[in-house]
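First the structure, in the form of structure tokens, and then the observations on it.
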């Protein structure tokens, strides 16, 4: 009963007319699955500048992980109507709408859930140097401890944590600075379920510098015509002090075996060890 009431609250009360019209709304055909602090918020804003793409109500919807119990009608309430889809298709030939939730990559339940509900969806993953990603995440979460102290603590936890206990390990990964950067480990479960041609992997550093070039690679991946976006300003950007050189050297070595496994898996070298 509690779950049912919660669904009603979110669909009828919080989503209002969008919830009531959920049966007339579409599901996404594109999902950006990760990763945090790699440019996913910027991508959310860039995508909808293409005339064939309409964005969801907001980014980080979290349906396939933390909001799965709210049900499919709640999820559909966050997307355009079938009438909007038809209008875009008639004008531009193709229609795309999308879900950007960078936490999806970490949760082992998400790939199967997406495959069940939207099996033909395209998936995009932005990967950032795990050293820089961890440091950026440290500042946005406003930790009370020093970055170096947290790294020491996490290394000790990772030596003893039971990775076979998926629930326990996922809870740790979801808040960890280090283990969020174990990209190969996270990708394995996606590659087991989805064909490689449904997944586009982007290097965050390239995305930041060559934004329009990468955006057209994305549009190409989606079967759309090239389009130069007008607003390529960086979203959710924060400024912080540089990492200590010795800390950076230490973390580069720490992540080296994880990165090498990733490079081998995707047949691409990101040169994060420089």
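Counting 0.36 nm for each residue step from residue 213 to residue 226 and taking away their Cα separation leaves a gain of 3.7 nm.
Along each principal axis, taking the top coordinate minus the bottom one, the Cα set of region 72-147 gives 54, 27, 23 Å in descending order. Remark: spin-label model distance residue 165-residue 82 equals 4.8 nm, labels positioned 7 Å along the Cα→Cβ axis.
Would you calculate, for the chain, the mean residue ellipticity at 222 nm contributed by helices, counting each DSSP H stretch of 4 or more residues as -39,500 (n - 2.57) and dividing by all residues, to the nearest 500?
Taking each H run of at least 4 residues, the total per residue is -13500 deg cm²/dmol.
With semi-axes defined as the square roots of five times the eigenvalues of the C-alpha gyration tensor, the equivalent ellipsoid of region 39-181 measures 34, 18, 12 Å, largest first. Placing pseudo-labels 7 Å out from each Cα toward the beta carbon at residue 247 and residue 108 gives an inter-label distance of 3.1 nm. Here the residues 264, 48, 176, ranked from fewest to most Cβ neighbours within 10 Å of their Cβ, fall in the order 264, 48, 176. Residue order for 258, 240, fewest other beta carbons within 10 angstrom first, comes to 240, 258.
If neighbour count is taken as other Cβ atoms inside 10 Å, put 251, 200 in order from fewest to most.
Numbers: 251 23, 200 19.
Neighbour counts put them in this order, fewest first: 200, 251.
Report, in degrees rounded to the nearest 10, the 0 to 90 angle that the Cα long axis of helix 166-175 makes with the longest principal axis of the chain. For helix 166-175, the angle is close to 80 degrees. Computed on the Cα atoms alone, the convex hull of region 99-202 gives a volume of 109 cubic angstrom per residue.
For the chain, DSSP calls about 5 percent of its internal beta bridges antiparallel. Ratio of Rg to Rh for the chain: 0.97 [Cα atoms; Kirkwood radius as inverse mean 1/r over pairs]. Rounded to the nearest 10 degrees, what's the angle between the helix 82-92 long axis and the longest principal axis of the chain, both from Cα atoms, 0 to 90? Result, in degrees: 80.
Every read-out reported here was derived from the displayed coordinates using simple, explicitly stated rules and does not represent laboratory data. Values in this document were obtained by computation on a predicted structure and should not be read as measured data. All Cβ positions, even for glycine, are placed from backbone atoms using ideal geometry, and neighbour counts span all protein chains on display.
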